[in-house]
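Peer 1: A single structure is presented below for examination.
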Amino acid sequence: MTTSTDVVTMGETMALMKAETPGPLAHARSLGLGMGGAETNFAIALKRLGTSVTWLGRVGQDSLGDLVLREVAAEGITTLGIRDAEAPTGLMIKERRTLEHLKVWYYRSASAGSRLAPEDVPVDAIRNAKLLHLTGITPGLSESAYEAAMFAMSVAREAGVTVSFDLNYRAALWTEDKAGPVFRKFIERADIIFAGDDEAAIAVGHGADSLDLAHKIAALGPEQVIIKNGPLGCVGVIDGSAYRQEAVRINAVDTVGAGDAFVAGYISDLLAGASVEDRLLTAVRTGAFACLVPGDWEGMPRRNELGLLDASEPVAR
């Protein structure tokens, strides 16, 4: 019996290997081992902010699968891990060529995560949740994963559960021409959309600016559209009104996972009944925190830490 949580998300989480110092990967003498994935980055950030969440994904019947499931469960997330004896856990390797430039190599073709299928979807968990969160990575993995995401969305809509969708385009998975029509299908069925400028343009064509892109997406049906602009903050069209929120000024160390953290901040506050202004402020703060330490999810903040970005005294005694 599945314990109900406020949010359900699903998608592939992979093992992660990364060099500990900048430079060509070919000369690295050691690699750190961890895990990462957009949906679990989001889930970890959400849980640390105090919102209960369930994650479902497929991993191999291997040690890397053990690693993924152990790390996710250790964060207090309800973990529905499906072990696949016929496919390996996906792997990504990070190469930090310079302090400013990061390259991610993916080894996920025919992975366990890409074998996600409609029969894997946690129907009861979705029906009992307040919100289902999906990303554009899942439908790009395979036809069965696309069908699983679509089925999960239909389950949520029939049950009156809010659906959020983060476009999260990955060029390593598919071309913009292939992703665009799929993104539009999900946009038309979702209540909340998150995207960067470039991702929004894949779905609706180029706009005059970020706010114009948000209006174009909103015209397809979603009531809340938020465009993430990194160090420039964000804009949104929410219930027909336009909003802007400046970013928090930081010295970024690693921006991977910042977009997932941003989404978690917004959704956590949404479910708590916060105003639009407060949602957007929490979103940019949570996203900023994710950039302050190396790693995809390690820097996700607890809610009582959000005010640290406003502190003038760097030492707490």
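Peer 1: Exactly one condition in (1) modelled with pLDDT of 95 or more; (2) farther than 22 Å from Thr162 by Cα is false for Ala208; which is it?
Peer 2: The single condition Ala208 does not satisfy is (1).
Peer 1: Glu188 - would you say it is touching a residue at least 40 places away in the same chain (Cβ under 8 Å) and farther than 17 Å from Met10 by Cα?
Peer 2: Taking the combined requirement at face value, the residue does not satisfy it.
Peer 1: Residue under question is Asp120, and the condition is that it be touching a residue at least 60 places away in the same chain (Cβ under 8 Å), farther than 18 Å from Thr40 by Cβ and over 17 Å from the mean Cα position of the chain (by Cα); does it hold?
Peer 2: Details: touching a residue at least 60 places away in the same chain (Cβ under 8 Å): yes; farther than 18 Å from Thr40 by Cβ: no; over 17 Å from the mean Cα position of the chain (by Cα): yes.
The answer is no for Asp120.
Peer 1: How do the strands (runs of 3 or more DSSP E) wholly within region 205-317 filter down when requiring 1 or more residues that are surrounded by fewer than 14 Cβ atoms within 10 Å (Cβ to Cβ): which remain?
Peer 2: On the way: elements: 224-228, 234-238, 241-245.
Where strands (runs of 3 or more DSSP E) fall fully within region 205-317 and carry at least 1 residues being surrounded by fewer than 14 Cβ atoms within 10 Å (Cβ to Cβ), they are 241-245.
Peer 1: So which of Thr40, Thr3, Thr79, Thr54 is at negative phi and in a loop (DSSP other than H, G, I, E, B)?
Peer 2: Thr3
Peer 1: Now a separate question. Are any of the residues in region 290-303 touching a Gly at 6+ places or on another chain (Cβ under 6 Å), of a type in the set (Val, Ile, Thr) and modelled with pLDDT of 95 or more?
Peer 2: No - not one qualifying residue is present in region 290-303.
Peer 1: Give region 152-174 a look and list any residue that's among the aliphatic types (A, V, I, L, M) and more than 19 Å from Pro118 (Cβ to Cβ), or say none.
Peer 2: Selection gives Leu167, Ala171, Ala172, Leu173.
Peer 1: Continuing with this model, one more query. Kindly provide the set of residues from region 171-190 that are crowded, with 18+ Cβ neighbours inside 10 Å and part of a loop (DSSP other than H, G, I, E, B), ordered by number.
Peer 2: Within region 171-190, Leu173, Ala190 meet the criteria.
Peer 1: Here's a follow-up. Surrounded by fewer than 19 Cβ atoms within 10 Å (Cβ to Cβ), among the polar types (S, T, N, Q), over 16 Å from Asp296 (Cβ atoms) and out of contact with any Leu (no Cβ under 6 Å at 6 or more places or on another chain), is that true of Thr5?
Peer 2: Values: surrounded by fewer than 19 Cβ atoms within 10 Å (Cβ to Cβ): no; among the polar types (S, T, N, Q): yes; over 16 Å from Asp296 (Cβ atoms): yes; out of contact with any Leu (no Cβ under 6 Å at 6 or more places or on another chain): yes.
So Thr5 does not fit the description; no.
Peer 1: Sticking with this one: Within region 44-74, can you find the residues that are closer than 30 Å to Leu281 by Cβ and touching a residue at least 60 places away in the same chain (Cβ under 8 Å)?
Peer 2: Ile44, Ala45, Leu46, Arg48, Leu49, Gly50, Thr51, Thr54
The values are calculated or read from the model by the stated rules, or taken from the named source; none is laboratory data. Predicted model only: the values in this text are computed from it and were never measured. Positions of Cβ are generated from backbone atoms using ideal geometry, with glycine treated the same way; all protein chains shown enter the neighbour counts.
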